[in-house]
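Take a look at the structure set out below.
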Amino acid sequence: MAAPFDIALDEVRGDLYVADVENHTIRRLKLHAPRPAFSGELGPFPSLSVNTASAPHILNADTGVLTRSDGSTHALGATSGVWSFTSVNLPEGVFLRIEGTRPAAILASGPVTIAGTIRIDSGALGSGPGIGTGQGGGGHANPGDIGGSGTPGNPYGSESLSPLTAGSAGGGALGGGALLVASQQALTISGTLDASGNESSNGGAGSGGGVRLVSGGDLVVTATGHVRASGGAHAGGQGAGSDGRIRFEATGELTLSGEVLPAATTAKPETLGALKLPGL
C-alpha cells in the first residue's frame, strides 16, 4: 500500500476500507466475521414516551444516537445505520423521526409492531440523477414534473429496493428518506411510516423515498395503518416530485387493509437468516 490516506469502518460487515491515494484505489481489509443480521444484540427497541409531531424523538442514522423529545439520549452504538433488536414496539401516540445522510435499517429477531408514527428522512439525496432544479421536481420511481421552468430529476433505482434508495430533492424541497424494517417473525403496521417528499412554493418538490418491509411471518398493514412514499405535491406552478417506492416481502400472509401510497410491489423474501443488508 503506497500512500494510505483515510479509513472507514463498516462495523456490521467487519470491513475496514483504506484509501490508497498513489494507487488510486480503495482497499478492503476483513477485520472480523460479519455480524448476523438478526443477532438482536441491542435487546428490545428502547421505550419512548408519547409526544407530539412538533417535538419528535430523533434517531440519527450516522451517529446511532437516539435523542428523546425530553433531551435525554440513548447511544445504540452502531454508526452504520443498521440496528438489530430482539423486538420493536412503537406505541400509539409516539412520534419518531429518523434522520442522517444514509438509509436506515431496523432489524428484529422477534416481532415488530409500529402503532406510532415514523417520519423517514434518513438518506435523502442532495445530488445524483434524481435531482430537480428550478421548478423541476425530484425524480425517483419516475421523472419529476417539469413545472414552469428548470429541469426535473430522472428516475433511478429498482422496484425491489435492493439496494435501498431514498428520494431526491427538487428545486425547492428535499425528498423522502429510506428505511428497511425486517423481522424474523410477524410485522404489523397500525400506525404510520412516512417517507413522502416535501413540497415547496418556491421550487420543485422532492420525490418520495423508499420503504421496504420484510417479514419471516405475517406482514399486516391494518385499517388504521399508513405507509407512504408519495412525491411532494406541486404548489403555485412548481413541479411535483415523483413517487418513491414501497416493497413488501412476507413468508406468511400479506394483509393490506390500510393506506399504501404508492402501491407496493410484493414478493416472498429470501431466507431471512441470510437476508442481505441494503446498500447503505
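The values are calculated or read from the model by the stated rules, or taken from the named source; none is laboratory data. The shown structure was predicted, so the numbers you read here are calculated from the model rather than taken from an experiment. Heads up, the Cβs are rebuilt from the backbone with ideal geometry, glycines too, and the neighbour counts pull from every protein chain shown.
Brief remarks follow.
- Of the residues making up the range 177-190, not a single one is out of contact with any helix residue (DSSP H, G or I) (no Cβ under 6 Å at 6 or more places or on another chain) and over 29 Å from Thr251 (Cα atoms).
- Of the residues Thr188, Thr222, Thr192, the single one that is under 14 Å from the mean Cα position of the chain (by Cα) and surrounded by fewer than 22 Cβ atoms within 10 Å (Cβ to Cβ) is Thr192.
- When the criteria are applied in full, Gly175 fails the requirement of being more than 25 Å from Ala267 (Cβ to Cβ), surrounded by 24 or more Cβ atoms within 10 Å (Cβ to Cβ) and not aromatic (Phe, Trp, Tyr).
- Taking the criterion of being among the aliphatic types (A, V, I, L, M) and over 20 Å from the mean Cα position of the chain (by Cα), the only residue of the range 126-150 that qualifies is Ile146.
- Single residue of Gly123, Gly153, Gly170 found to be under 19 Å from the mean Cα position of the chain (by Cα), more than 20 Å from Leu59 (Cβ to Cβ) and assigned by TED's automatic domain parsing to the domain that holds Val214: Gly170
- Meets criteria (crowded, with 16+ Cβ neighbours inside 10 Å, within 19 Å of the chain's Cα centre (by Cα) and in the same structural domain as Thr224 (by TED's automatic domain parsing)) for Arg68: no
- When residues in the range 147-179 are screened for being within 21 Å of Arg212 (Cα to Cα) and either part of a loop (DSSP other than H, G, I, E, B) or acidic (Asp, Glu) (or both), 18 of them pass.
- The range 228-249, residues that are part of a strand (DSSP E or B) and surrounded by 24 or more Cβ atoms within 10 Å (Cβ to Cβ): Arg245, Ile246, Glu249
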